[in-house]
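Written below as structure tokens is the structure these notes are about.
The values are calculated or read from the model by the stated rules, or taken from the named source; none is laboratory data. Remember, predicted model here, so these are calculated numbers, not experimental data. Heads up, the Cβs are rebuilt from the backbone with ideal geometry, glycines too, and the neighbour counts pull from every protein chain shown. Note: areas computed on protein heavy atoms with side chains; ligands, DNA, RNA excluded. Shrake-Rupley method; radii C 1.70, N 1.55, O 1.52, S 1.80 Å.
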Amino acid sequence: MSFVKFGYEWGWEGAEQGFKRAIELNPNYPMAHQWIAVMLAALGRFEESFAHANRAQELDPLSLPISTLVGWLHHLARDYDAAVAHYKSTIELDAGFALAHRRLGQTYEQKQMYAEALDAFQKAEELAGEDVELLSARGHLYGVLGEREKAEAALEKLNATSKRKYVPAYLVARAYAGMGETDLVFEWLEKAYVERYGY
């Protein structure tokens, strides 16, 4: 219920109360710590966010999603070196976990390590196929690199995929952001707002 309040209704106060109630009912429930960590990061409350994320990891040290999340929180806090180190430790746990590779690629992009970012995206695709999140991330990176044809190809794939299944408007906006297409970014972000997409 709290995750719906946070991710869809954007009711931060109610979501926080609900997550805290879940933790009160079961302090050893890792997912409650995991999701309140995400919400607190979205609110810029990183110290609290990391406390909950670290607790989630203590409770479930072999959870690949939680381990990857800790890396992503470092990314959101712009501590890219710590994010990379965390993704690598996740990959050491299980080199077949595609999400850690994709997130690693996104963080490498922020560090302007573009070849490494492309390699990480390629590894993610080899492991799990080319999903819409990966298409969007690649489209953004190609746009940043000035490889407009490849960025547009990623957008075309997103569009084609949207004929078969849901493609969040936010992911299209992100790809356009890499290309510097500001008007289109805001057009698609408005659609994402209407969709109530969590990002």
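Scan the range 20-57 for residues that are part of a helix (DSSP H, G or I) and farther than 20 Å from residue 72 by Cα and jot them down.
Result: 20, 21, 22, 23, 24, 25.
Taking residue 175 and the conditions (1) among the hydrophobic types (A, V, I, L, M, F, W, C); (2) under 30 Å from residue 62 (Cα atoms); (3) touching a Ser or Thr at 6+ places or on another chain (Cβ under 7 Å), which numbered condition does it fall short on, given that it satisfies the others?
Status for residue 175: all satisfied but (2).
Residue 53 - would you say it is without any contact (Cβ under 8 Å) to a residue 60 or more places away in the chain and closer than 24 Å to residue 139 by Cβ?
No; evaluated as a whole, the condition is false for this residue.
Please list, ordered by residue number, the helices (runs of 4 or more DSSP H) wholly in the range 112-199 having 3 or more residues that are open to solvent by less than 50 Å² (accessible area, probe 1.4 Å).
Once the helices (runs of 4 or more DSSP H) in the range 112-199 are filtered for at least 3 residues that are open to solvent by less than 50 Å² (accessible area, probe 1.4 Å), what remains is 114-128, 132-144, 148-162, 169-179.
Any idea which of (1) of a type in the set (Ser, Thr, Tyr); (2) farther than 15 Å from residue 65 by Cβ; (3) open to solvent by 20 Å² or more (accessible area, probe 1.4 Å) is the one residue 29 doesn't satisfy?
For residue 29, the failing item is (2).
Pick out the one residue from 86, 101, 75 that is more than 25 Å from residue 172 (Cβ to Cβ), assigned to a helix (DSSP H, G or I) and open to solvent by 10 Å² or more (accessible area, probe 1.4 Å).
The match here is 86.
Could you please let me know if residue 157 is under 22 Å from residue 65 (Cα atoms) and either touching a residue at least 24 places away in the same chain (Cβ under 8 Å) or not β-branched (Val, Ile, Thr) (or both)?
It is false that residue 157 is under 22 Å from residue 65 (Cα atoms) and either touching a residue at least 24 places away in the same chain (Cβ under 8 Å) or not β-branched (Val, Ile, Thr) (or both).
Quick one: residue 48 ticks every box in (1) over 30 Å from residue 143 (Cβ atoms); (2) surrounded by 23 or more Cβ atoms within 10 Å (Cβ to Cβ) bar one, so which box is it?
(2)
Evaluate the range 3-19: report whether one residue or more is assigned to a helix (DSSP H, G or I), among the basic types (Lys, Arg), without any contact (Cβ under 8 Å) to a residue 40 or more places away in the chain and open to solvent by less than 70 Å² (accessible area, probe 1.4 Å).
Looking for residues that are assigned to a helix (DSSP H, G or I), among the basic types (Lys, Arg), without any contact (Cβ under 8 Å) to a residue 40 or more places away in the chain and open to solvent by less than 70 Å² (accessible area, probe 1.4 Å), one finds at least one in the range 3-19, hence yes.
Taking residue 63 as the residue in question, decide whether it is open to solvent by less than 40 Å² (accessible area, probe 1.4 Å) and more than 16 Å from residue 110 (Cβ to Cβ).
Answer is yes for this residue.
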